[in-house]
1. Given the structure, is B:Ile126 within 14 Å of chain A (Cβ to nearest Cβ), touching a residue at least 24 places away in the same chain (Cβ under 8 Å), part of a helix (DSSP H, G or I) and hydrophobic (A, V, I, L, M, F, W, C)?
2. Inside segment A:101-123, can you point out the residues that are in a loop (DSSP other than H, G, I, E, B) and closer than 18 Å to A:Ser149 by Cα?
3. Among the residues of segment A:22-50, how many are closer than 20 Å to A:Met204 by Cβ and in a strand (DSSP E or B)?
4. Just to be sure I understand, how many residues within segment B:187-211 are open to solvent by less than 50 Å² (accessible area, probe 1.4 Å) and basic (Lys, Arg)?
5. Which one of B:Arg211, B:Arg219, B:Arg215, B:Arg187 is in contact with a helix residue (DSSP H, G or I) (Cβ under 7 Å, 6 or more places away or on another chain), over 29 Å from B:Thr92 (Cβ atoms) and basic (Lys, Arg)?
6. If you take just the strands (runs of 3 or more DSSP E) that sit entirely in segment A:51-100, which of them hold at least 1 residues that are touching a helix residue (DSSP H, G or I) at 6+ places or on another chain (Cβ under 6 Å) and either surrounded by fewer than 16 Cβ atoms within 10 Å (Cβ to Cβ) or facing chain B (nearest Cβ under 8 Å) (or both)?
7. Listed residues B:Glu184, B:Glu214, B:Glu162; which is part of a helix (DSSP H, G or I), at pLDDT below 90 and either hydrophobic (A, V, I, L, M, F, W, C) or open to solvent by 40 Å² or more (accessible area, probe 1.4 Å) (or both)?
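The values are calculated or read from the model by the stated rules, or taken from the named source; none is laboratory data. In this text the structure is predicted, and so the values were computed from the model without any measurement. A quick note on method: Cβ atoms are made from the backbone with ideal geometry, for glycine too, and the neighbour counts reach across all protein chains shown. Note: accessible area is taken over every heavy atom of the protein model, side chains too, but ligands, DNA and RNA are not part of it. Shrake-Rupley method; radii C 1.70, N 1.55, O 1.52, S 1.80 Å.
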Amino acid sequence: MTMPMVRFDKVTKRYGPLTVLDQLDLDVARGEKVAIIGPSGSGKTTVLRMIMTLERIDDGVIYVEGEPLTHMTRNGRLVPADARHIRQVRAKIGMVFQHFNLFPHMTALANCTEAPMTVLRLKRKEAEERAGDLLAMVGLADKRGHYPSQLSGGQQQRVAIARALAMRPKVMLFDEVTSALDPELVGEVLNVIRKLGAEHDLTMLMVTHQMGFAKEFADRVCFFYQGRIAEQGSPSELFGAPKNDRTRQFLRAVLEAG
Amino acid sequence: METETLWDWSYVAEILPILAGAAVVTIEATLIGFALAAVIGLVLAILRFAVPALSWPVAALVEFIRSTPLLIQIFFLFFVFPEFGIVLDAFTAGVLALGLHYGAYCSEVYRAGLEAVPRGQWEAAIALNLGQTTTFRDIILPQALPPIVPALGNYLVALFKETPLLSAIAVLELMQTAKILGSETFRYNEPITLVGLFFLAMSLVSAAAIRLVERYLKRRVAR
């Protein structure tokens, strides 16, 4: 069996007395597109935030390409990772946020060159070339000199995608990336993600409320309920013939609303 | 017998050059003191923010400095430090006290500025794998500083108006010079009034300058 790109090994996350994720096991293969759906509070966003190391985990281990992310090996034993180890493994991961989180004091281009220049130590010229190509890929070649406040929500989110890609991650995390957008702007962002899926050998995990998109784009859909994967399978299995009552309930509610 | 006039212009003309020289000392003390305060404040705020273990000790230090009078701190540095082998000349001790005292106040302003930067900015920095120094220098401070310039400016004016306290350890700034002039001639009206007017004029000018900077920064951020 080939090594999974991301592996959750009995990962538990608690906030005080509340268990947000309960002994989660999840393998994501290289190049696989996984959609994560579920009601709010089911722990789905926490899954992404833990891979991005924005949240500490309370138990278990997360691996990226077989290498522990949350831990490191010392004398043959796994011990909690130090900052240096985390930074080294984290380099393989990129994330796009619900609220874009662009740097407001930098142009679209500077947003995309900051990390390549300071972290990867690329020369300005090289970083700007790479950023320019990516901005063109997301359809914003003419907006490179614009500040985030001068861009629409959809444009900002596309810059955010280009910014994450500029670091050449192997895993991309999308956290409800269209939830903060006006409905007419959702399509342009989803189109960019489609293109990314077709052109790049990227592993993608996305938390989404766009069931139609999940159905069409994902290789696998995971339905989260109360900190566990209640059901998972191919989109046709999960959307076509859900086995779990909770899944059926959730899908019915979402379809009625949408 | 000559009648005592309330305001003697020839005396004013005589002491103005002397006071002008002292004004230079006052301005020097203000600028160096504030530069110290700005740097000390920033360092304290960042330590408190970035190093959890130091958060409590730094908070206690800031509270201690803010809760004791500046005059006592000046005396402490000038008269008590030599007991421990640290001998500072009056100007250095005074400026250092100003810097420490206002640094404590400034650190609270910086802290408010740092806390006002949305969480998402820190998270984006982590997601891009930026180092801690880069995150502060390129992402956080450029967003945290512009909104607090007016508050820092107010402390600059406040510090400036407290420089007469340095006369207590005989720094030859404006106040001390005016006192000496007064005691030599028994005419206090003119020197003290002139010193007051100088502070008034400088404070108004500084306040106007701060407003200009504030407007400029607002325009830049609103871009």
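1. Numbers: within 14 Å of chain A (Cβ to nearest Cβ): yes; touching a residue at least 24 places away in the same chain (Cβ under 8 Å): no; part of a helix (DSSP H, G or I): yes; hydrophobic (A, V, I, L, M, F, W, C): yes.
The answer is no for B:Ile126.
2. Just the residues of segment A:101-123 that are in a loop (DSSP other than H, G, I, E, B), to begin with: A:101-107, A:119-123.
Within segment A:101-123, A:Asn101, A:Leu102, A:Phe103, A:Pro104, A:His105, A:Met106, A:Thr107 meet the criteria.
3. Matching residues across segment A:22-50 total 10.
4. 1
5. Details: B:Arg211 fails: in contact with a helix residue (DSSP H, G or I) (Cβ under 7 Å, 6 or more places away or on another chain); B:Arg219 fails: in contact with a helix residue (DSSP H, G or I) (Cβ under 7 Å, 6 or more places away or on another chain); B:Arg215 fails: in contact with a helix residue (DSSP H, G or I) (Cβ under 7 Å, 6 or more places away or on another chain).
Exactly one of B:Arg211, B:Arg219, B:Arg215, B:Arg187 is in contact with a helix residue (DSSP H, G or I) (Cβ under 7 Å, 6 or more places away or on another chain), over 29 Å from B:Thr92 (Cβ atoms) and basic (Lys, Arg), namely B:Arg187.
6. On the way: elements: A:59-64, A:71-74, A:77-80, A:93-96.
In segment A:51-100, A:93-96 are the strands (runs of 3 or more DSSP E) which contain 1 or more residues that are touching a helix residue (DSSP H, G or I) at 6+ places or on another chain (Cβ under 6 Å) and either surrounded by fewer than 16 Cβ atoms within 10 Å (Cβ to Cβ) or facing chain B (nearest Cβ under 8 Å) (or both).
7. Numbers: B:Glu184 fails: at pLDDT below 90; B:Glu162 fails: at pLDDT below 90.
The unique qualifying residue is B:Glu214.
Yes/no per residue for (1) closer than 26 Å to B:Phe49 by Cα; (2) within 14 Å of chain A (Cβ to nearest Cβ); (3) over 17 Å from the mean Cα position of the chain (by Cα):
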{"position": "B:Ile139", "(1), (2), (3)": "yes, yes, yes"}
{"position": "B:Asn154", "(1), (2), (3)": "yes, no, no"}
{"position": "B:Leu166", "(1), (2), (3)": "no, no, no"}
{"position": "B:Gln176", "(1), (2), (3)": "no, no, yes"}
{"position": "B:Ser183", "(1), (2), (3)": "no, no, yes"}
{"position": "B:Glu190", "(1), (2), (3)": "no, no, yes"}
{"position": "B:Leu197", "(1), (2), (3)": "no, no, yes"}
{"position": "B:Ile210", "(1), (2), (3)": "no, no, no"}
{"position": "B:Arg215", "(1), (2), (3)": "no, no, yes"}
